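Engineer: The structure's right below; bear with me while I get my questions together.
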């Protein structure tokens with residue numbers, strides 16, 4: 001089971017966490033697989049939280065294309081593409097492309113079973 005942790009940290013805290021992880025990797029100290037998305041500004045964090053239902057729809061309905069996801073969510077395809085691009089850049093979603101009847105189809109995929117928020121100060 002893959003577990004995603006979403007946090008809101010300063011740039012310095014993110015850099016410190018990266019240094020610790022790199023040090024542990026050099027020493028071959030691997031505790032568990034740790035997947036974390038850290039935001040350093042409120043605007044991106046709020047946008048992520050606002051679009052959590054998209055992740056849920058992808059996880060539950062497993063749509064075969066962005067168009068199918070747009071029908072499920074009732075969103076416009078162009079707006080949904082912008083949300084999917086943001087979630088993909090953040091690392092919460094992956095887009096797999098395939099050919100179906102000569103057309104390129106983009107399929108959104110969520111690889112995490114749970115999402116946890118770590119907002120400790």
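Engineer: Of all residues in segment 79-93, which are exposed (fewer than 14 other Cβ atoms within 10 Å of the Cβ) and in contact with a helix residue (DSSP H, G or I) (Cβ under 9 Å, 6 or more places away or on another chain)?
Structural biologist: 79
Engineer: Hey, can you tell me all the residues within segment 41-56 that are in contact with a strand residue (DSSP E or B) (Cβ under 9 Å, 6 or more places away or on another chain) and surrounded by 17 or more Cβ atoms within 10 Å (Cβ to Cβ)?
Structural biologist: Hits for segment 41-56 are 45, 48, 54, 55.
All of the numbers you see were taken from the coordinates with simple rules; none came from a lab. If you're wondering where the values come from, they're calculated on a predicted model, not measured in any experiment. Don't worry about glycine lacking a Cβ; one is built from the backbone with ideal geometry, like all the others, and counts go over all protein chains shown.
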